[in-house]
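Novice: Mind looking over this structure? Questions follow.
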Amino acid sequence: MKEQSHIKRIAIFGSTGSIGTQALEVIAAHNDQFSAEILTANTNADLLIQQALEFQPNIVVIGDEKKYTAVKDALASTDTKVFAGQSALEEVAAMDCYDLMLAAIVGYAGLKPTLKAIETGKIIALANKETLVVAGDIIMRKAVEYKVPIIPVDSEHSAIFQCLVGETRNKIEKIILTASGGPFIGRKPNYLVNVKREHALQHPNWNMGVKISIDSATLMNKGLEMIEAKWLFNLSPQQVEVVIHPQSIIHSMVQFEDGSVKAQLGLPDMKLPIQYALAFPKRIKNDFPRMDFNKINTLTFEEPDVKTFRNLMLAWEALNKSGNMPCIMNAANEIAVYAFLRNRINFLDMTDVIEQTMATVPFIEQPTLEEYFESDGEARNFAADLIKL
Ligand code: NDP
């Protein structure tokens with residue numbers, strides 16, 4: 001463990017992903033302020049080993065137990081302790097060797113380690129939006145109980161969070177989440193039915209992991225973000241609005257009850273919200289590219305086409321219904337996205353799978369944590385049966 005007490009000790013859960021690798025760039029650039037104490041991966045042992053050799057963390061976890069020996073052997077000459085398996089993620093999340101967890105595992109798999117980090121009083125920098133979509137009520141309740149700050153990393157929620165600094169006494173009328181519209185903006189179902197995985201992964205503004213790239217193409221990402229925003233900022237569904245803003249310069253906005261609107265702007269670069277979350281409440285000088293307003297000719301806004309991108313309507317329904325419905329939607333979406341990525345279903349089928357799963361898995365108005373886990377499992381099984389996975 002590093003000795004200096006002014007250094008914030010970071011655990012990156014999902015260090016080999018798009019968010020995780022960018023977070024390590026931030027840490028490397030500011031090693032007088034941050035140290036990487038825990039790094040975790042699922043299957044990418046090679047990159048985890050490389051990261052461990054460079055950052056010399058206290059602990060690494062490899063989710064895939066078959067890769068334990070390879071990681072252990074590669075790090076035998078270092079002080080880094082090696083753990084393996086899904087339960088090790090929770091075990092390690094509860095340890096005292098770090099101050100802040102960057103929750104950057106993708107999907108439902110991020111929920112349990114994040115919960116454990118909250119229950120042991122760690123600050124949470126939250127990239128994993130699925131955690132709040134699945135069990136937002138329990139997560140936010142626990143965060144209050146354990147006095148744990150949850151600092152959003154998602155660029156839209158980071159924008160709103162930044163707009164709200166200094167506004168604790170002022171009422172929010174609504175928030176406006178901006179959406180780039182993804183690679184298929186303006187396209188209609190007759191085009192979308194034929195798009196392939198390669199097209200859908202080509203996001204115009206952001207370079208992200210595969211799951212969120214597909215979610216952005218279907219607009220499910222914005223649906224997940226609406227639910228994430230409700231929990232993070234304690235809003236009613238009516239206070240959450242989405243506007244398409246293809247340039248991804250305005251990252252989101254808050255309208256207060258006097259009608260004034262605050263926005264946060266920046267170039268589309270996830271390193272900025274990552275750094276903000278790691279350093280909060282400080283801002284740190286960096287050398288990221290700056291915006292040049294003389295070169296930005298237009299910022300445009302339009303309504304989302306919810307007739308074509310029906311996932312946004314499904315997410316709206318789940319947000320309104322609440323209970324276990326967002327959890328069911330999320331589980332069906334994860335199954336549908338991975339089936340699409342494996343060319344098992346077409347782009348539009350994803351929405352049908354989610355819709356049918358939401359219509360079938362029993363609704364629970366106030367689920368316990370156990371019931372969330374059960375709903376997730378039921379929804380996954382139902383969606384997988386539909387697709388015949
Ligand atoms: P990636 O797919 O690039 O990375 C995911 C990370 O999670 C990898 O380290 C991966 O390990 C690990 N992982 C995957 N499955 C498991 C599992 N079952 N158990 C343990 N670890 C697992 O995702 P992103 O970085 O793009 O996204 C991470 C989260 O951040 C998502 O929730 C996403 O919605 C959110 N987010 C991402 C943004 C982005 O720009 N990428 C922007 C805003 C939010 P391995 O490499 O070994 O597979």
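The values are calculated or read from the model by the stated rules, or taken from the named source; none is laboratory data. Nothing here was measured: the structure is a model prediction, and the numbers come from that model. Here the Cβ is made from the backbone with ideal geometry for all residues, glycine too, and neighbour counts use every protein chain on show. The protein model used for the area step is the full one, side chains on, heavy atoms only, and it has no ligands, DNA or RNA in it. Shrake-Rupley method; radii C 1.70, N 1.55, O 1.52, S 1.80 Å.
Novice: In the chain, with Lys and Arg counted as +1 and Asp and Glu as -1 at Cβ, which of these residues, TYR98, ASN324, MET270, has the Cα nearest the positive end of the dipole, that is, farthest along it?
Specialist: Value: MET270.
Novice: Now for a different question. Just how much of THR360 is accessible, in Å², when a 1.4 Å probe is used and the result is rounded to the nearest 10?
Specialist: Using a 1.4 Å probe on the heavy atoms, I get roughly 70 Å².
Novice: Provide LEU232, LEU75 ordered by accessible surface of protein heavy atoms (probe 1.4 Å), highest first.
Specialist: Ranked list, largest accessible area first: LEU232, LEU75.
Novice: Between the alpha-carbon centers of the range 154-208 and the range 338-389, tell me the distance in whole angstrom.
Specialist: Measuring centre to centre over Cα atoms gives 23 Å.
Novice: Once you sort the root eigenvalues of the Cα gyration tensor of the chain as a ≥ b ≥ c, which label holds: rounded (a/c under 1.5), prolate (a/b larger than b/c) or oblate (the other case)?
Specialist: Here the chain falls in the rounded category.
Novice: Same structure, new question: What number comes out for accessible area per residue over the chain if the probe is 1.4 Å? Units Å², please.
Specialist: 44
Novice: Evaluate the charge dipole of the range 33-131 about its Cα centre and quote only its size in Debye, nearest 20, assuming +1 on the Cβ of each Lys and Arg and -1 on the Cβ of each Asp and Glu.
Specialist: Result for the range 33-131 is approximately 180 debye, rounded to the nearest 20.
Novice: Just in the range 97-161: which trypsin sites (Lys or Arg not before Pro) are loop by DSSP and have at most 12 other Cβ atoms within 10 Å?
Specialist: Answer by residue number: LYS147.
Novice: Among LYS66/LYS122; LYS196/LYS262; LYS67/LYS321, which pairs are too far apart, with a Cα-Cα distance over 32 Å?
Specialist: LYS196/LYS262; LYS67/LYS321
Novice: Per DSSP helix of 4 or more residues, -39500 (n - 2.57); summed, then divided by the residues of the chain. What does that give at 222 nm, rounded to the nearest 500?
Specialist: Helices in the chain give a 222 nm mean residue ellipticity of -13500 deg cm²/dmol.
Novice: Within the chain, which complete DSSP H helices have Cα atoms spanning at least 18 Å along the helix axis and a mean Kyte-Doolittle hydropathy of 0.0 or higher?
Specialist: Both cut-offs are met by 129-145, 220-233, 325-341.
Novice: To the nearest 20 Debye, how big is the dipole of the chain about its Cα centre, given +1 on the beta carbon of each Lys and Arg and -1 on that of each Asp and Glu?
Specialist: Once rounded to the nearest 20, the dipole reads 600 debye.
Novice: Can you give me the long-range amide H partners of PHE34? Hydrogens built in the peptide plane at 1.01 Å from N, cutoff under 5 Å, separation of 5 or more residues or another chain.
Specialist: It is LYS8, by chain and number.
Novice: Please give the solvent-accessible surface of LYS321 in Å², to the nearest 10, using a probe radius of 1.4 Å with every protein chain present.
Specialist: 110
Novice: Let me ask something else about it. Assuming a ≥ b ≥ c are the square roots of the Cα gyration tensor eigenvalues, decide whether the range 148-270 counts as rounded (a/c under 1.5), prolate (otherwise, with a/b larger than b/c) or oblate.
Specialist: The shape class here is prolate.
Novice: Can you give the Kirkwood hydrodynamic radius of the range 266-389 from its Cα pairs, in Å with one decimal?
Specialist: Evaluated over the range 266-389, this radius sits at 17.4 Å.
Novice: Working with all protein chains in place, sort HIS203, HIS157 by solvent-accessible area computed with a 1.4 Å probe, largest first.
Specialist: Largest to smallest exposure gives the sequence HIS203, HIS157.
Novice: Compare ASP287, ASP79, ASP352 in a GNM of the chain, Cα atoms joined below 10 Å, and give the one with the largest fluctuation.
Specialist: ASP287
Novice: Taking N as the number of residues in the range 43-129, what is its alpha-carbon radius of gyration divided by 2.2 N^0.38 Å?
Specialist: 1.06
Novice: For the range 205-290, which GluC sites (Glu not before Pro) are in a loop by DSSP, counting at most 16 other Cβ atoms within 10 Å?
Specialist: Sparse-neighbourhood loop GluC sites (Glu not before Pro): GLU257.
Novice: Let me ask you something else. If packing is taken as the average count of other Cβ atoms within 10 Å, what order do 181-194, 162-175 fall into, highest mean first?
Specialist: 181-194, 162-175
Novice: As a test of reading the structure, rank GLU25, GLU371 by solvent-accessible area (1.4 Å probe, protein chains only), most first.
Specialist: GLU25, GLU371
Novice: Tell me, what HN-Hα J-couplings in whole Hz come from the Karplus equation 6.51 cos²θ - 1.76 cosθ + 1.60 at θ = phi - 60° for each residue of the range 200-208, using x for Gly and Pro?
Specialist: Computed from phi, the couplings for the range 200-208 are 5, 7, 8, 6, x, 10, 10, 10, 10 Hz.
Novice: Take every Cα pair under 8 Å in the range 304-389 that's 6+ residues apart, average their separations, divide by the length, and report that relative contact order as a whole percent.
Specialist: Relative contact order of the range 304-389: 36 percent.
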